[in-house]
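Notes follow once the structure below has been shown.
The values are calculated or read from the model by the stated rules, or taken from the named source; none is laboratory data. Keep in mind that what you see is a predicted model, and the values were worked out from it rather than measured. A quick note on method: Cβ atoms are made from the backbone with ideal geometry, for glycine too, and the neighbour counts reach across all protein chains shown.
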């Protein structure tokens, strides 16, 4: 099974971002990410065997408990690999130093949990972002990054990690269909 571990913004934050983008989407022929598919990937797990799932869930439960909930909001943006030859347009997260540390450690913990459960983990450096669009070919997106740089959504609390199954080609317009398999609460700071 293809899976990933993510922080999923609450519906209010996703709706706010969607409202901001909806009046702008017709200006570009990008493959816009559906609102219900927007998330921050902490660990990508290309192949999880059924026999590994219980161990993964147990390890992710422990990893999440070691992290503290933190405030954030969707703000700003960028492009991968760069604005001149973008393949991905993304929105960012506003994070203070404490929140950035918690998010980085959540990603490290999720990757370690998967690895200890015997699952190969994508080895790319963790760069927190929410993919909002993909391009079919390298495209200049400077103006779009400027638009996203002007965006700041409502503040919300990142309180849990989600283990999500991804079923390729089963979603609308042959996109992946995502299904949350389990959520893992983080500790709260009181």
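Within the option set 145, 180, 83, 141, being surrounded by fewer than 16 Cβ atoms within 10 Å (Cβ to Cβ) and at pLDDT 95 or above holds for one residue only, 180. All conditions in (1) out of contact with any strand residue (DSSP E or B) (no Cβ under 6 Å at 6 or more places or on another chain); (2) modelled with pLDDT of 95 or more hold for residue 29, with the sole exception of (2).
Annotation: residue 71 fulfils all but one of (1) surrounded by 19 or more Cβ atoms within 10 Å (Cβ to Cβ); (2) closer than 30 Å to residue 187 by Cβ; (3) in contact (Cβ under 8 Å) with a residue 60 or more places away in the chain; (4) in contact with a helix residue (DSSP H, G or I) (Cβ under 8 Å, 6 or more places away or on another chain); the unmet one is (1).
Among the residues of segment 112-124, the one identified as closer than 21 Å to residue 66 by Cβ and either under 14 Å from the mean Cα position of the chain (by Cα) or modelled with pLDDT under 95 (or both) is 121. Condition check for residue 6 on (1) closer than 21 Å to residue 160 by Cβ; (2) surrounded by 13 or more Cβ atoms within 10 Å (Cβ to Cβ); (3) more than 20 Å from the chain's Cα centre (by Cα): one failure, at (3). Listed by first and then second residue, the pairs with beta-carbon distance under 7 Å, at least 6 apart or on different chains, first residue in segment 114-135 and farther than 25 Å from residue 91 by Cβ, second surrounded by 14 or more Cβ atoms within 10 Å (Cβ to Cβ) and at pLDDT below 95, are 114/121; 115/121. Look through segment 58-68, keep the residues that are in contact (Cβ under 8 Å) with a residue 60 or more places away in the chain and surrounded by fewer than 19 Cβ atoms within 10 Å (Cβ to Cβ), and return whichever of them is farthest from residue 97 (Cα to Cα). In this case the residue turns out to be 61. Where strands (runs of 3 or more DSSP E) sit wholly within segment 1-109, those with at least 3 residues that are farther than 19 Å from residue 178 by Cα occupy 70-80, 86-94.
Of the numbered criteria (1) farther than 30 Å from residue 47 by Cα; (2) at pLDDT below 95, the one residue 168 fails is (1).
Applying the criterion of at least 3 residues that are under 17 Å from residue 37 (Cα atoms) and within 16 Å of the chain's Cα centre (by Cα) to the strands (runs of 3 or more DSSP E) found wholly in segment 135-190 leaves 160-167, 177-185.
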